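Beneath this line is the structure, given in structure tokens, with notes to follow.
Just so it is clear, none of the values below were taken in a lab; they were calculated from the coordinates. Since the model is a prediction, treat every value here as computed from it, not as a measurement. All Cβ positions, even for glycine, are placed from backbone atoms using ideal geometry, and neighbour counts span all protein chains on display.
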Amino acid sequence: MLAFNFLSTSGVPFPKSNHKYPINASLSDPNLCNRAHNQRTLHCPPLLFHKSTSQFAESGLKPSNNAFFLGSSSKPTSQISHSTPNLNQICGNPYGFVSKSNKQILRAASGTPQEAYPDGEIESSKSNKTLQLAVVFGLWYFQNIVFNIYNKKVLNIFPFPWLLASFQLFVGSVWMFFLWSFKLQPCPKISKPFIFALLGPALFHTIGHISACVSFSKVAVSFTHVIKSSEPVFSVIFSSFLGDTYPLKVWLSILPIVMGCSLAAITEVSFNFQGLWGALISNVGFVLRNIYSKKSLQSFKEVNGLNLYGWISIISLLYLFPVAVFVEGSQWVAGYHKALETIEIPSTFYLWVIISGVFYHLYNQSSYQALDDISPLTFSVGNTMKRVVVIVSTILVFRNPVRPLNALGSAIAVLGTFLYSQVTSKKIAKKNEGEKEN
């Protein structure tokens, strides 16, 4: 409205060659327009000035010292009126587009009521995003539970974690090749620098995966996950050695993790040193994978998380399988026949192995999809709750005996992990805000 008042009171004249009357005179006295029209010296269509100011902006009109011009044209208004007989096209903005936000601001300034559909679209978009996120979280939890259950079932009758871990990486590799071949997932450009940058993270991923599988084969799944909840402790320690600094809150948050894991380990019914060390080494492997990935993959940010994980799985398979053959290859045939005798139905054993491989990849895929759509804080909280759900689910399925002190230690460790995720995520958020301001 300020712009319209300025135009209607300024009295900016047209060029003298067109007419001697100013714009505000033509607006206040319609007879002037009629006389000008009869003399063929001035064309003053009512649509041009009786519309709201939003249509001034949308039509491309802009003020000059002497007159209004269309776009970058230097023609006087009388010539524009003859060359553009349909002014509705001008107001409809045939020469470009104005952003929605600008249109809404102009409509609000002119008093024109805004359309109701943008708010409805925003609410619908938020609702769809929330529903999509809930589905991703549900799939992530469900797939992780299924993997842990069938992974343990296979290891109970076929205790060869090196072969099973290799098969799970093989299934993930085949799955990614399927997605890339049918263009269900865009395939990243492969180059020597990209492959070399992946060698380190893939190596540490291999160490973390095989160590976890060894732990699963020796102790209860719940105990392995309790020990794996101590991963933040190793993250803080290794990052500190590499020069990162952490506030006192972070160091205090890892104390309950250490205390809880120690209490759970002392009171664990199925305690086994190989299982304990496997879980601890798994933490070290995954922490080093995360730290090394930040340094070696900085120049490949265009590769999304799913493609990155796919190539890490492929390289990890190349690392792991030759070592698996060397470590336990001579025992596979005898172990296979013993497993078939134990289960009696071969197809059941095959189904369990396939399910463990498929769901191992699927739950990792869902975690990367969740991480792409949510903040690190929400992801950390979700990951902590996922660990609780997996621990409870496996205890119910396998009916593992749990002592009260063991349950207390597990709860303290998980609570410490939750506190750590809260503190570190807030630190990351503040750091990102500072970088944006700079």
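In terms of other Cβ atoms within 10 Å, V154, V323, V388 run from fewest to most in the order V323, V388, V154. Let me test this: with uniform point scatterers at the alpha carbons of the stretch 132-437, what is the Debye-based log₁₀ I(q)/I(0) at q = 0.08 1/Å? Calculated log10 I(q)/I(0) at the listed q: -0.36. Normalised by 2.2 N^0.38 Å, where N is the number of residues, the alpha-carbon radius of gyration of the stretch 270-318 equals 1.49. FRET efficiency for the pair K249 and K295, taken as 1/(1 + (r/R0)^6) with r the Cβ-Cβ distance and R0 = 30 Å, rounds to 0.75. For the stretch 140-293, the C-alpha radius of gyration sits at 1.19 times the compact-globule guess of 2.2 N^0.38 Å, with N the residue count.
If Lys and Arg each add +1 and Asp and Glu each add -1, what is the summed charge of the other residues whose beta carbon sits under 13 Å from the beta carbon of F398?
Here the count lands on +3.
With contacts taken as Cα pairs under 8 Å at a separation of at least 6 residues, the stretch 132-437 carries a relative contact order of 40 percent.
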